[in-house]
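The structure appears below as structure tokens.
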Amino acid sequence: MAFWLKRGATAEAKADADRKVRDIVEATLADIEKRGDVAVRELSNKFDGWDREDYRLSQDEIDACVESLTPQERKDIEFAQTQVRNFARIQRASMTDVEVETLPGVILGHRNLPLNSAGCYVPGGKYPLLASAHMSVITAKVAGVPRVITCAPPFKGQPARAIVAAQAMAGADAIYALGGMQAVGAMALGTQSIDPVDIIVGPGNAFVAEAKRQLFGRVGIDLFAGPTETLIIADEIGCDPELAATDILGQVEHGPDSPGVLLTNSEKFARATMVEIDRLLEILPTAEHARKAWENFGEVIVAESYEEMVRIADEIASEHVQVMTADPDYFLNKMTNYGALFLGARTNVSYGDKVIGTNHTLPTKKAARYTGGLWVGKFIKTCTYQKVMADEASTLIGEYCSRLCALEGFAGHGEQANIRVRRYGHRNVPYAGQAEPSELTRV
């Protein structure tokens, strides 16, 4: 039976925080929809101290950001973008169009069609997270989206040079120095200066995530990607306390509301890791954020067996799951709810966040129960079509359709079938005005 050495915030506390965020976002989006650019400018001033006549960056500003990179910085960004692009192309190649004759004369198929426009949010309030530019812009472009725009907040009172450079190198068609829920609202709803898009993608803080949730339906969204979540599954054979502690703190530094969870089958290992976390918090440069997250949202769980660890991990449904055990593939084969798996001590979440090639925009808040992360397919609509090429085929399908429509009482639907049976099968089927409704669609 599993037990907790440390628990995070209660469900009630989390729900209360969510309600406050929900109310603020709802009022903000309504204001953006009503007042457009004026509201966006006020919000940018309020939250970022950032005011411009036009938040879209000029080509000269973009070029200056790219040229500001050192040769090594540019090489590193290009390497990361190559990995992301390569894997995205492999994913796109797995999505094939289909056309098949399912019955003589009946052709069914589907086509994979890219969306016409996408808005990519790149977070950068505390840290300039340029990796999100690779993950969203490149993936959209590989999918074939013709118009991809990006928004990222300013950094220290200027456009975030590394983010802007990464967005440009990834192929963004328009780049805006605009952050937070006001950026998401502007891209989704449109303003006087920003045309709306068809889908909003990218991670962000609780306000960005809630804005996407409220806008879903008006536009598509990739998934619910809120504050970073990390679950470390470890045992004494596959890991050591220093490694587990490092990998927890390496993710909770994202912000004070980022959960970090250790799940192990050894109480000794669990307690040693907690001691190691306390030690590292004394020397970690980002300890201010990491300590708050660990104190308020950190958890340590001790289970009896791998089987119980899988059950608990699937209940948590964490965004990131790092497995450092004697048999990592056991969890690959057994687990069903996770954003992304990182298997073995040689890999880690940071590799996935920055450079290895898989996408780092992943589901949070248990959304991994029903969706995976951002990938090429999020920017593509799989749309079906059908063709009936022979009289006999239309007659056969029409007769079945007619009888099934009668079962449902859909007279008009049934007549769509009947007229074709009469026309292509030369059958004496009554017209709508020649029979009682119950008899209308019987063939």
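Of all residue pairs spaced 6 or more apart or on separate chains, those with beta-carbon atoms under 8 Å, a first member in the range 356-379 that is within 22 Å of Gly119 (Cβ to Cβ) and among the aromatic types (Phe, Trp, Tyr) and a second member that is part of a loop (DSSP other than H, G, I, E, B) and open to solvent by less than 20 Å² (accessible area, probe 1.4 Å) are Phe379/Val145.
Pull up the range 251-271, narrow it to residues that are out of contact with any strand residue (DSSP E or B) (no Cβ under 8 Å at 6 or more places or on another chain) and open to solvent by 10 Å² or more (accessible area, probe 1.4 Å), then point me to the one that is farthest from Pro285 (Cα to Cα). Out of the qualifying residues, it is Lys268.
Check every one of the helices (runs of 4 or more DSSP H) wholly within the range 320-427 and list those with 2 or more residues that are open to solvent by less than 30 Å² (accessible area, probe 1.4 Å) and among the hydrophobic types (A, V, I, L, M, F, W, C).
Details: elements: 328-334, 349-354, 391-408, 411-425.
Answer list for the range 320-427: 391-408, 411-425.
Give the range 294-345 a look and list any residue that's in contact (Cβ under 8 Å) with a residue 60 or more places away in the chain and under 21 Å from Val275 (Cβ atoms), or say none. Listed by number, the residues that qualify are Asn296, Phe297, Gly298, Glu299, Val300, Ile301, Val302, Ala303, Gln322, Met324, Thr325, Ala345.
Going through (1) touching a Cys at 6+ places or on another chain (Cβ under 6 Å); (2) surrounded by 15 or more Cβ atoms within 10 Å (Cβ to Cβ); (3) touching a residue at least 40 places away in the same chain (Cβ under 8 Å) one by one, Ala131 falls short only on (1). Look at Leu440 and say whether it is more than 41 Å from the chain's Cα centre (by Cα), of a type outside the set (Lys, Arg), surrounded by 13 or more Cβ atoms within 10 Å (Cβ to Cβ) and at pLDDT below 95. Considered against the rule, which asks whether it is more than 41 Å from the chain's Cα centre (by Cα), of a type outside the set (Lys, Arg), surrounded by 13 or more Cβ atoms within 10 Å (Cβ to Cβ) and at pLDDT below 95, Leu440 comes out as yes. Within the range 279-299, being open to solvent by less than 20 Å² (accessible area, probe 1.4 Å) and closer than 18 Å to Lys14 by Cβ holds for Ala293, Trp294, Gly298.
Inspect the range 6-27 for any residue being modelled with pLDDT of 95 or more and open to solvent by less than 60 Å² (accessible area, probe 1.4 Å) and give the result as yes or no. Yes: one or more hits.
On the stretch given as the range 307-319, residues that are aliphatic (A, V, I, L, M) and open to solvent by less than 10 Å² (accessible area, probe 1.4 Å) total 4. Scanning the range 135-188 for residues that are among the hydroxyl-bearing types (Ser, Thr, Tyr) and either without any contact (Cβ under 8 Å) to a residue 12 or more places away in the chain or part of a helix (DSSP H, G or I) (or both) yields Ser136, Thr139.
Out of the residues in the range 212-263 that are among the aliphatic types (A, V, I, L, M), part of a strand (DSSP E or B) and more than 20 Å from Leu332 (Cβ to Cβ), state the one that is farthest from the chain's Cα centre (by Cα). Out of the qualifying residues, it is Val219. State whether one or more residues within the range 40-54 are under 29 Å from Phe297 (Cβ atoms), at pLDDT below 95 and of a type in the set (A, V, I, L, M). No: zero hits.
The values are calculated or read from the model by the stated rules, or taken from the named source; none is laboratory data. Note that the coordinates shown come from a computational prediction; the quantities given were computed from them, not determined experimentally. Heads up, the Cβs are rebuilt from the backbone with ideal geometry, glycines too, and the neighbour counts pull from every protein chain shown. Calculation scope for accessible area: heavy atoms of the full protein, side chains included, ligands and nucleic acids excluded. Shrake-Rupley method; radii C 1.70, N 1.55, O 1.52, S 1.80 Å.
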